[in-house]
Amino acid sequence: MIASSVTLDEGVVIHHPELVNLYGCSIGAGTRIGTFVEVQKNAIVGRNCKISSHAFICEGVTLEDGVFIGHGVMFTNDRYPRAVNSGGGLLSDGDWEVVPTLVKRHAAIGSNATILPGVTIGEGAQVGAGAVVTKDVPDYAIVAGVPAKIKGRVQDAPANIPFSRRI
């Protein structure tokens, strides 16, 4: 289902629109979205992104331009998730705080990675399949594992990046 509250820029391709769930989000021009993807309210997807099937982009997530999201990638937005309050009543929207996450331009996140709330994944960074990202990833870093740790540097990173940002 694509809700009327969704902003779709020109050239967005949604494979099997009847098998996605998009509501209250913004999708940039040229982005491609696979089947069984959910993008929640207040999520922002930049231009020319690719979101593979079964991905979950929750409220508070921003993907800048040219980001790749692999199959089954899961974003989270609550550091202390609970279903009920101390009295046993269901929690409502006002009972928790959305913790934003940023994925900078040209980053790539491998299949089945989980991204915890409040992190920034740097420009051009690569997150390995199955990784659990618990802290910020520097620009052009390659991270993998549980928890994700720096394994190297993307080789095509611009040479003019200050050393302190290279890892």
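Quick notes on this one:
- Annotation for region 28-37: at least one member residue is touching a strand residue (DSSP E or B) at 6+ places or on another chain (Cβ under 8 Å), of a type in the set (A, V, I, L, M, F, W, C) and at negative phi.
- Residues of region 1-13 classified as at pLDDT 95 or above and open to solvent by less than 30 Å² (accessible area, probe 1.4 Å), total: 0
- Qualifying residue in region 95-113 (condition: out of contact with any Leu (no Cβ under 9 Å at 6 or more places or on another chain), under 22 Å from A3 (Cα atoms) and either at pLDDT 95 or above or among the small types (G, A, S) (or both)): no
- Residue ID - surrounded by the fewest Cβ atoms within 10 Å (Cβ to Cβ), chosen from residues in region 77-113 that are over 9 Å from the mean Cα position of the chain (by Cα) and hydroxyl-bearing (S, T, Y): S86
- All of (1) within 20 Å of D136 (Cβ to Cβ); (2) open to solvent by less than 70 Å² (accessible area, probe 1.4 Å); (3) within 12 Å of the chain's Cα centre (by Cα) hold for M74 with one exception: (2).
- Residues that are in a strand (DSSP E or B) and open to solvent by 10 Å² or more (accessible area, probe 1.4 Å), drawn from region 114-126: T114, T120, Q126
- Taking the criterion of being closer than 14 Å to D9 by Cβ and in contact with a Leu (Cβ under 7 Å, 6 or more places away or on another chain), the residues of region 26-42 that qualify are I27, V39.
- Matching residues, region 57-71, being of a type outside the set (A, V, I, L, M), in a strand (DSSP E or B) and open to solvent by less than 50 Å² (accessible area, probe 1.4 Å): T62
The values are calculated or read from the model by the stated rules, or taken from the named source; none is laboratory data. Values in this document were obtained by computation on a predicted structure and should not be read as measured data. Because the Cβ atoms are built from the backbone with ideal geometry, glycine has one as well, and the counts that use them run over all protein chains shown. For accessibility, only protein heavy atoms count, side chains too; no ligands or nucleic acids. Shrake-Rupley method; radii C 1.70, N 1.55, O 1.52, S 1.80 Å.
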